[in-house]
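Below: one structure, written as structure tokens.
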Amino acid sequence: MTTYAIGDVQGCHTELQALLEKINFNIKQDTLWFAGDIVNRGPQSLDVLRFIKSLGDRAITVLGNHDLHLLAVACGKSKLHKRDTLLPILKAKDKVELLHWLRHRPLLHYDKQLNTILVHAGLAPEWNLKQAKCCARELENILRSDRYVEYFSHMYGNKPNRWHAELSGWERLRFITNCFTRLRYVTKEGKLCLNAKGPLGSHAKGCLPWFQVDGRQCSNKTIIFGHWSTLGFYNAVNVSDASTFANVVGIDSGCLWGGMLTAVALPFSVNGEITAHQINCIRK
């Protein structure tokens, strides 16, 4: 019995099936964790969505920004972008069932036995596990309620960009959304730098990766995340060099852009060694 965490699939169904064959995935014994952005930009979003839904309890999927974008478009609160590949889902006969399932996925998954958190993008440095779980639940409750259409009217935007416990209403939910689904860089004070998207070392002065902030509250938990294709596969679990210690694993290795689709096996070894399985982009 093995748990595998898989990076952003983004409609790359052929690569996903090849990866599952490579790891000898057994639906009766193994569990898959998907780090969000299971749809969009790739050519087979409908196939991916149907397949992951069909796995039932054998798959845990957290929501990413592209997944939320699909839901916003479906309820008329956003428009398709030029590079979107969501139209087959929006025209599918089982669209309602698929989108209902997607809307009920979590923003955060925590496995106490593994002491491991799964999110799409990241966590605000100020959040401990309890706060992160509470924030995730706030947003999940809205998405699963009759107010979800109203939520998508207020979801987009970069402000507020700093966490305060007194944040309320749509501003609070927007900040929570941006942390879970869009985060890459922050300032050392925790201010979100949402326009910074490049690889390590490319960021503007004053910004740093969210997981390298001194005093980050969830640094005692292993965090697996996707979203950051320019970061690639990133292993900073139990790193001996204190200056780079972060206790995180990034698994978006850019399959959509011609890179690889990555799966990592859990639990990791006590010395931080990770068994990573990767499939090269198959699309021509």
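Brief remarks follow.
- Residue match in region 253-263 (condition: modelled with pLDDT of 90 or more, outside any strand (DSSP E or B) and under 22 Å from residue 109 (Cα atoms)): yes
- Residue satisfying all of: in region 17-32; touching a His at 6+ places or on another chain (Cβ under 9 Å) and part of a helix (DSSP H, G or I); nearest to residue 262 (Cα to Cα) among these: 19
Matching residues to (1) in contact with a helix residue (DSSP H, G or I) (Cβ under 6 Å, 6 or more places away or on another chain); (2) without any contact (Cβ under 8 Å) to a residue 40 or more places away in the chain:
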position: 37; (1), (2): yes, no
position: 43; (1), (2): no, no
position: 49; (1), (2): yes, no
position: 53; (1), (2): yes, no
position: 59; (1), (2): yes, yes
position: 72; (1), (2): yes, no
position: 81; (1), (2): no, yes
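Residues checked against (1) modelled with pLDDT of 95 or more; (2) farther than 22 Å from residue 281 by Cα; (3) surrounded by 19 or more Cβ atoms within 10 Å (Cβ to Cβ):
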| position | (1), (2), (3) |
| --- | --- |
| 17 | yes, no, no |
| 30 | yes, yes, no |
| 36 | yes, no, yes |
| 49 | yes, no, yes |
| 57 | yes, yes, no |
| 68 | yes, yes, yes |
| 74 | yes, yes, yes |
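- Note on region 90-198: no enclosed helices (runs of 4 or more DSSP H) hold 3 or more residues that are of a type in the set (S, T, N, Q) and exposed (fewer than 14 other Cβ atoms within 10 Å of the Cβ).
- Every residue from region 63-89 that is in a helix (DSSP H, G or I) and not charged (D, E, K, R): 65, 66, 68, 69, 70, 71, 72, 73, 74, 87, 88, 89
- Considering region 38-47, and only residues there that are hydrophobic (A, V, I, L, M, F, W, C) and surrounded by 24 or more Cβ atoms within 10 Å (Cβ to Cβ), the residue that is nearest to residue 116 (Cα to Cα) turns out to be 38.
- Those residues of region 33-49 which are within 14 Å of the chain's Cα centre (by Cα) and outside any loop (DSSP other than H, G, I, E, B), in sequence order: 33, 34
- Matching residues in region 194-223 - criterion: being under 17 Å from residue 235 (Cβ atoms) and not hydroxyl-bearing (Ser, Thr, Tyr): 199, 200, 209, 210, 211, 212, 221, 223
- Matching residues in region 170-198 - criterion: being within 15 Å of residue 134 (Cα to Cα) and not β-branched (Val, Ile, Thr): 172, 173, 174, 175, 179, 180
- Note on region 199-213: residues that are surrounded by fewer than 16 Cβ atoms within 10 Å (Cβ to Cβ) and either under 18 Å from residue 132 (Cα atoms) or polar (S, T, N, Q) (or both) total 1.
- Residues located in region 214-236, provided they are part of a loop (DSSP other than H, G, I, E, B), modelled with pLDDT of 95 or more and buried (at least 22 other Cβ atoms within 10 Å of the Cβ): 226, 227, 228
- Cross-chain or 6+ apart pairs with Cβ under 7 Å, region 219-231 first and more than 19 Å from residue 202 (Cβ to Cβ) and in contact (Cβ under 8 Å) with a residue 24 or more places away in the chain, then assigned to a strand (DSSP E or B) and of a type in the set (Gly, Ala, Ser): 224/5
The values are calculated or read from the model by the stated rules, or taken from the named source; none is laboratory data. All of these numbers come straight from a predicted model, not from anything done at the bench. Neighbour counts run over all protein chains shown; Cβ positions are idealised from the backbone, glycine included.
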